[in-house]
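Just so it is clear, none of the values below were taken in a lab; they were calculated from the coordinates. Computed from a predicted model, the values in this text were never measured in an experiment. Positions of Cβ are generated from backbone atoms using ideal geometry, with glycine treated the same way; all protein chains shown enter the neighbour counts.
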Amino acid sequence: MKLKTFKRSLGVLLIFLTTQITFNSRVVKAQTPTPPSTTKAICSTQLGTAIDSIINRPLFSRMRWGILVQPLSAGLTLYNRDAEKYFTPASNMKLLTTAAALQQLGANFRIRTSIYQNGNGVLRVVGRGDPSLGDTQLQALAQQLKQKGITQIQELIADDSYIQGDIVNPTWQWEDVQSDYGAPVNSFIINQNIFSLKLVPQAVGKPLKLVWSDASEVTQWRTINQSATVDQNQPIYINVTRELSGTVLRIEGQLTANSEPYLLDLPVVDPNYYFLRRFRAALAKEKIPLGKALVVSGGNNQEEIAFIESPPLADLLAETNVNSNNLYAEALLRALAVEKPRLKNQTSANVGLEVVKASLTQLGVNPANYVLIDGSGLSRRNLVTPEAFVQLLRGVSRTPGASIYRASLPLAGKSGTLKDRFQNTPAEGIVQAKTGTLTGVVSLSGYVNAPKYETLVFSIIVNQSEQPATVVRQAIDEIVVLLAQLQRC
């Protein structure tokens, strides 16, 4: 996962006390430029030898490679290395989640957030897990209420019953749960359930100044600021730890006096009350005072007086895959549970996973080829074979939504997590593929529109790697460039 360009102090994980917060960008990115490559055609019969020469390099001797390359039109195998074996897929998991969402919900599906009037000055807001909801949309809801003649709200009830279960997957690593890319998912999502904290250098010797993007968040935390401003010849680094209670932030490290402020994104602790705080602020801008606000699960909804809808699913898929957005993937997984009868004690995520499995079977993916734990790929308990991804990519290509699905994938050298990869190579602009990165895991699966061959489907997954992710991506990119130059001969 990509780290911001600051030296990161790892610290020591104190069990049951604190953990390191990683400073990842909000979405998981993989931006490793691929060196320029001269266009050189390669015969399909030479492909195996060429790929072997890459993955058999001595520095890769300790890692596991899973690779499958096939033409889209037929099941002919051009290359196979342990494609039938299980691998931790990282964010390639999003390929499965988004394919199921498109198949089951349709490209025009939208997620609706509603406000109901139940009389006596009581309003109910019902969240349905819209990952795109932000302050702008909340302001629109407040404006709708004002247009309806609402001048004050005595009581606002937030109904969070739509999504059931844990707000974060219990198999995620503690480091991920404390990072912005592992933000909680439930019925209420606002600003992707993260808030920002800016660390601003002061005079040398002074602690860094904390500037909160949301003033209401200051009261939710006890901050221990042990940072410092240093002179120009000193190294810069930031280390933040958060206690298990979720209410204490300890900030350590240093920035030089003339350096730019350091922006830190953190996940909220309680999404429901974070939503209510943000909505209270939106109502205040419309001069609608809000009295009591509380969270309940369930209840009766009467007259809908305001609502906001997400962009269509096609747009949600693009954000999920192009930018590898974990929160969007998890929200879509839970959205899949909507059409299924809710069983007692069954979480929305688990119902969603059953829908994903049924969809994969419809698309021709062998159920023995995967073990699914979450929708985003953050869980290391996910197990998927390269063969499963190739079966999926081929199956989706035969559906009416094939073009929408393909459009949701990063384009080599052009967009998302592939924007800075494959530039000035034969693969630029003709590879659509999903990236994936965890510690020790790098993956890439997708399509190659080979100009001198035909469209290829491929999946490359590396596990148990001790090499830096940049080194592994470089090798994967070399393989994909070979695919882009493939020809019949």
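Tabulated data for the structure shown
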read-out	value
Structure-based [θ]222 nm, the chain - -39500 (n - 2.57) summed over DSSP H runs of at least 4, per residue, nearest 500	-7500 deg cm²/dmol
Relative packing of 259-268, 282-291, 173-182, which averages over residues the other C-beta atoms within 10 Å, highest first	173-182, 259-268, 282-291
Cα-based reach from Lys148 at 15 Å (exclusive), listing aspartates and glutamates while leaving out same-chain residues under 8 positions away	Glu286, Glu303, Glu304
C-alpha long axis of helix 93-105 to longest principal axis of the chain, angle in °	70 degrees
Projected area, mean over directions - the chain, Cα convex hull, nm²	25.0 nm²
Percent antiparallel among DSSP beta bridges (both partners in the chain, rounded to 5)	70 percent
Cα-Cα over 29 Å, subset of Lys340/Lys419; Lys146/Lys209; Lys85/Lys357; Lys40/Lys414; Lys40/Lys94; Lys198/Lys434	Lys340/Lys419; Lys146/Lys209; Lys40/Lys94; Lys198/Lys434
For peptides 427-434, 333-340, 121-128, 48-55, sequence by mean Cβ density within 10 Å, most packed first	427-434, 333-340, 121-128, 48-55
Relative contact order of the range 60-215, defined on C-alpha pairs under 8 angstrom at six or more residues apart (%)	16 percent
Long-range amide H partners of Val230 with built H, under 5 Å	Gly205, Leu255, Thr256, Ala257
Residue order, fewest to most beta carbons within 10 Å, for Ile111, Ile224, Ile167, Ile373	Ile224, Ile373, Ile167, Ile111
The range 250-363 - percent relative contact order, Cα under 8 Å, separation 6 or more	12 percent
Additional length obtainable on full extension of the chain from Ser73 to Glu304, 0.36 nm per residue less Cα span	78.2 nm
Burial ordering of Phe109, Phe422, fewest other beta-carbon atoms within 10 Å first	Phe109, Phe422
Burial ranking of peptide ranges 89-97, 480-488 (average Cβ count within 10 Å, highest at the top)	89-97, 480-488
Chain lengthening between Ala140 and Val371 when straightened (0.36 nm per residue, less Cα-Cα)	79.0 nm
The range 111-158-the range 82-102 distance, computed between alpha-carbon centres (Å)	37 Å
³J(HN,Hα), Karplus 6.51/-1.76/1.60, whole Hz, each residue of the range 155-160, x for Gly, Pro	8, 10, 9, 9, 8, 9
Spin-label model distance (nm) - Glu286 vs Gln202, 7 Å beyond Cα toward Cβ	4.0 nm
Gain on full stretching of the segment that runs from Asn225 to Thr247 - 0.36 nm per residue minus C-alpha separation	6.5 nm
Relative contact order, percent, the chain [alpha-carbon distance under 8 Å, six or more residues apart]	27 percent
In order through the range 419-424: 3J(HN,Hα) via Karplus (6.51 cos²θ - 1.76 cosθ + 1.60), integer Hz, x for Gly, Pro	4, 9, 10, 6, 5, 6
